[in-house]
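Q: The structure under discussion is supplied below as structure tokens; questions concerning it will follow.
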Amino acid sequence: RETNVKPAFIYVFFTPPNEARANDRTVNSARSQLFRNPSNTDVLEVVLVPPTGDLVRVRYPALTRPEVIQSAGELTRGVARRSVYGSGSRRMYDLIVAPLEEDLKRLKIDNLVFLLDAGLRSMPIAAMQSKDNRFIIEDYSVGLMPSLTLTNTTYSSLKDSQVTAMGADRFVVNNLSPLPGVPVELKAINQIRGGNIFLNENFTLSNLRQNRRPEQRIVHLATHGSFSGDKANSFIQLWGTEKLTLDQLRSSGFGTPPVDLLVLSACETALGNRDAELGFAGLAVTSGVRSALASLWQVSDEGTMGLMAEFYQQLQTTTTKSEALRQAQLAMLRGEVRLEGGSLVTPKGNFALNDELKRLGDKQLTHPFFWSAFTMIGNPW
């Protein structure tokens, strides 16, 4: 009612092939399947939970877990490597979305929230395509939830929120590559939304905890990061040798004042092992952050900069975070966000590049590699 957005949940999970199909099976049963021990004989099931009315179930009794995960992997690897991805993209759309299209249109659904089984959560949902080569984001805004029961689903507008924007463009540890786009990215975000900038030597855990004001309900971290499932090797890199680890996440000041959106403009922050496949972003959500925007693979500096600049501009006018992300992704798909003439060009304004980025020359950012890695996790509204 508050957003004029009509959402629906889509559960995608695997069940034993001989499971009884009770007519009165509830969505709680579907939820429980997301946390069972996997078996290669499990078969695919998709459940649409609309705002009103009955659940819609699609079951594939001959389609096993390994086959589906292989198709999801083809999509992910194809897009992440900027190679062929069409077959995996259309295969996953045909399995998950196509059987529901009639109901989605009848119900006038325009926002899809996916709750995915292990092995599917690192798939770039935004890159799924229908048979007529329409990306899913051309019709719906999309997002992921690690768990419905652990997600704060109430709506909170971010139109008036400022940003605590932090990051580094150079690193002295772990052979991490420079990120020359970070100063441009942070400056653009500050120009659009206001707030504080903490760059390089000011990018510290102390500043993150102590210098965020109540009106800054968005925290943006532009840096390298990695989540492997191993706490010792999972981190968001701060300045120098300082890191934000999983153990520090709960005490990072995200609850006081509350953080409605944590943006991890870093590489591989949504990847992880089977037990925590949504990585740092998923753990941030379960640690009290309402929503997190994070990447599924190592993204390009220029693509990240372009998407973030457009995302924050869209956040000024759209009613939900997932719709702002969708509009930013569409602008990149259409070539409206690009590098041209020494500037980052966006539909709502241009931003001057530094000398290092100018060396890239004019560049299109239309391939899904540049925009589909970024995923809204947690509350999409």
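Q: In the stretch 356-376, which residues are open to solvent by less than 10 Å² (accessible area, probe 1.4 Å), in contact with a strand residue (DSSP E or B) (Cβ under 9 Å, 6 or more places away or on another chain) and part of a helix (DSSP H, G or I)?
A: Across the stretch 356-376, the qualifying residues are 357, 368.
Q: Out of the residues in the stretch 107-130 that are among the aliphatic types (A, V, I, L, M) and over 17 Å from the mean Cα position of the chain (by Cα), which is surrounded by the fewest Cβ atoms within 10 Å (Cβ to Cβ)?
A: Out of the qualifying residues, it is 107.
Q: Does residue 282 qualify as being closer than 21 Å to residue 111 by Cα and either assigned to a loop (DSSP other than H, G, I, E, B) or touching a helix residue (DSSP H, G or I) at 6+ places or on another chain (Cβ under 9 Å) (or both)?
A: yes
Q: Restricting the stretch 196-207 to residues that are surrounded by fewer than 21 Cβ atoms within 10 Å (Cβ to Cβ) and not polar (S, T, N, Q), which is nearest to residue 299 (Cα to Cα)?
A: 199
Q: Whether any residue in the stretch 77-98 is assigned to a loop (DSSP other than H, G, I, E, B), surrounded by fewer than 21 Cβ atoms within 10 Å (Cβ to Cβ), aromatic (Phe, Trp, Tyr) and modelled with pLDDT under 95 is what I want to check.
A: Within the stretch 77-98, none of the residues are assigned to a loop (DSSP other than H, G, I, E, B), surrounded by fewer than 21 Cβ atoms within 10 Å (Cβ to Cβ), aromatic (Phe, Trp, Tyr) and modelled with pLDDT under 95.
Q: Determine which single condition residue 326 fails, assuming it passes every other condition in (1) open to solvent by 10 Å² or more (accessible area, probe 1.4 Å); (2) within 19 Å of the chain's Cα centre (by Cα); (3) over 18 Å from residue 127 (Cα atoms).
A: Of (1) open to solvent by 10 Å² or more (accessible area, probe 1.4 Å); (2) within 19 Å of the chain's Cα centre (by Cα); (3) over 18 Å from residue 127 (Cα atoms), only one is false for residue 326: (3).
Q: Residues 184, 173: which one is touching a residue at least 60 places away in the same chain (Cβ under 8 Å) and assigned to a loop (DSSP other than H, G, I, E, B)?
A: Values: 184 fails: assigned to a loop (DSSP other than H, G, I, E, B).
The conditions single out 173.
Results for (1) over 16 Å from residue 188 (Cβ atoms); (2) touching a residue at least 60 places away in the same chain (Cβ under 8 Å), shown as yes or no for each residue.
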position: 324; (1), (2): no, no
position: 334; (1), (2): yes, no
position: 338; (1), (2): no, no
position: 345; (1), (2): no, no
position: 348; (1), (2): no, no
position: 351; (1), (2): no, yes
position: 362; (1), (2): yes, no
position: 369; (1), (2): yes, yes
position: 373; (1), (2): yes, yes
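Q: Quick check, is residue 150 assigned to a loop (DSSP other than H, G, I, E, B) and under 24 Å from residue 291 (Cα atoms)? Break it down into steps so the answer makes sense when it comes.
A: On the way: assigned to a loop (DSSP other than H, G, I, E, B): yes; under 24 Å from residue 291 (Cα atoms): yes.
Against the criterion (assigned to a loop (DSSP other than H, G, I, E, B) and under 24 Å from residue 291 (Cα atoms)), residue 150 qualifies.
Q: Looking only at the stretch 299-323, how many residues end up being open to solvent by 10 Å² or more (accessible area, probe 1.4 Å) and in a loop (DSSP other than H, G, I, E, B)?
A: Within the stretch 299-323, residues that are open to solvent by 10 Å² or more (accessible area, probe 1.4 Å) and in a loop (DSSP other than H, G, I, E, B) number 6.
Q: Among the residues of the stretch 131-148, write down those that are farther than 18 Å from residue 371 by Cα and surrounded by fewer than 21 Cβ atoms within 10 Å (Cβ to Cβ).
A: If we filter the stretch 131-148 for residues that are farther than 18 Å from residue 371 by Cα, which is where we start, we get 131-132, 145-148.
Hits for the stretch 131-148 are 131, 132, 147, 148.
Q: Sticking with this one: Pick out the one residue from 140, 155 that is in contact with a helix residue (DSSP H, G or I) (Cβ under 9 Å, 6 or more places away or on another chain) and under 26 Å from residue 278 (Cβ atoms).
A: So the residue among 140, 155 that is in contact with a helix residue (DSSP H, G or I) (Cβ under 9 Å, 6 or more places away or on another chain) and under 26 Å from residue 278 (Cβ atoms) is 140.
The values are calculated or read from the model by the stated rules, or taken from the named source; none is laboratory data. The shown structure was predicted, so the numbers you read here are calculated from the model rather than taken from an experiment. Cβ sites come from the backbone with ideal geometry, for glycine too, and all protein chains shown count toward neighbours. Just so you know, the surface numbers come from the protein's heavy atoms only, side chains and all, with ligands and any DNA or RNA stripped out. Shrake-Rupley method; radii C 1.70, N 1.55, O 1.52, S 1.80 Å.
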